[in-house]
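Every read-out reported here was derived from the displayed coordinates using simple, explicitly stated rules and does not represent laboratory data. It should be emphasised that the depicted structure is a prediction, and the values quoted were computed from it without experimental measurement. Positions of Cβ are backbone-derived with ideal geometry, glycine not excepted, and every protein chain shown enters the neighbour counts.
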Ligand code: AMP
Ligand code: MG
């Protein structure tokens, strides 16, 4: 009898302490994480009494999940999966249309370096299912042989692809859009200071404890090290790197950002970080600049209003736009 009472008390104590651990320090930020879009997403609300935004944070995660459900090739009912199955015309959600429009804008601005119709190629390399492999040259030839962007038709909310050789893939942009949606949900709930971070790609709102947010830029060759720290306000920051989703074969490094012209991983950069107002834009631009390489990539950044960036070239040489130079502290 006494033993069971002791056990009950011990259990109650355990449960209580676990519950208390879940709560934040009074006055500290509210921090929550969820697995979404193949990465850990962290939402941080830096407000006095931050816990009252618990519901808003859940709603922000749910908004991101909706974007994943619309735009992931892994979700059978998503807009992109339905388009892949039907070829079209497929009526897509307004959100998908919005992402597609930004994708087409950045595709045009980058001369096709950003190409949302590379789904076949991405699948061929196995980056879509997490089992990357080196395809045969003939397979790559076949996968880049479609009309690409020219075969993508958007008529109102109806989208179609002329050729079965191409497949819409929003993998280079959808995460950024989902982050924007989360920030919108938080802002609409009255949150003034927050950060939404999806595997290093993020958007910030307001300040962190009355100061600018400080964001580390991952060193592309030294895991866990940062190249520099950015001080940012209401901005988005996105990095495309050759160290993400990569594999080695016969001493060659292969990764998931593909050059639409060759069908092979783009090899002019190690990493590109872009700062812009909207994450959807920063995301597409980072991928585009990565493919273009340091020279043409820097030209694109400098000619894009509201965009700043940092490029680490294949040889490790770093170049930055003037506006970014003002907010970076090198490590
Ligand atoms: P990110 O990490 O944002 O640079 O996006 C890389 C992802 O975008 C890949 O995993 C592919 O799904 C897709 N992708 C690869 N190459 C390109 C490209 N040249 N243009 C647009 N999307 C691409
Ligand atoms: Mg991107």
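Only one of (1) under 22 Å from the mean Cα position of the chain (by Cα); (2) under 18 Å from residue 96 (Cβ atoms) is not met by residue 154, so which one is it?
Condition not satisfied by residue 154: (1).
Can you confirm whether residue 289 is within 16 Å of ligand 2 (Cβ to nearest atom), closer than 30 Å to residue 139 by Cβ, in contact (Cβ under 8 Å) with a residue 24 or more places away in the chain and not in a loop (DSSP other than H, G, I, E, B)?
yes
Kindly indicate which of 233, 241, 224 is surrounded by fewer than 17 Cβ atoms within 10 Å (Cβ to Cβ) and either in contact with a helix residue (DSSP H, G or I) (Cβ under 9 Å, 6 or more places away or on another chain) or free of Cβ contacts under 8 Å to residues at least 24 places away in the same chain (or both).
Checking each option against the conditions leaves just 224.
Quick check on residue 159: is it over 17 Å from the mean Cα position of the chain (by Cα), over 30 Å from residue 299 (Cα atoms), in contact (Cβ under 8 Å) with a residue 40 or more places away in the chain and in a strand (DSSP E or B)?
Criteria met by residue 159.
Can you tell which of 219, 256 is surrounded by fewer than 23 Cβ atoms within 10 Å (Cβ to Cβ), under 30 Å from residue 124 (Cβ atoms) and either away from ligand 2 (no atom under 16 Å from the Cβ) or in contact (Cβ under 8 Å) with a residue 40 or more places away in the chain (or both)?
Result: 256 is the single residue among 219, 256 that is surrounded by fewer than 23 Cβ atoms within 10 Å (Cβ to Cβ), under 30 Å from residue 124 (Cβ atoms) and either away from ligand 2 (no atom under 16 Å from the Cβ) or in contact (Cβ under 8 Å) with a residue 40 or more places away in the chain (or both).
Identify the residue in region 86-113 that is assigned to a loop (DSSP other than H, G, I, E, B) and away from ligand 1 (no atom under 12 Å from the Cβ) and, among all such residues, is surrounded by the most Cβ atoms within 10 Å (Cβ to Cβ).
92
Return only the number of the condition from (1) within 16 Å of ligand 2 (Cβ to nearest atom); (2) outside any helix (DSSP H, G or I); (3) over 14 Å from the mean Cα position of the chain (by Cα) that residue 196 does not satisfy.
(3)
Out of the residues in region 259-284 that are within 14 Å of ligand 2 (Cβ to nearest atom), touching a residue at least 40 places away in the same chain (Cβ under 8 Å) and over 25 Å from residue 124 (Cβ atoms), state the one that is surrounded by the fewest Cβ atoms within 10 Å (Cβ to Cβ).
278
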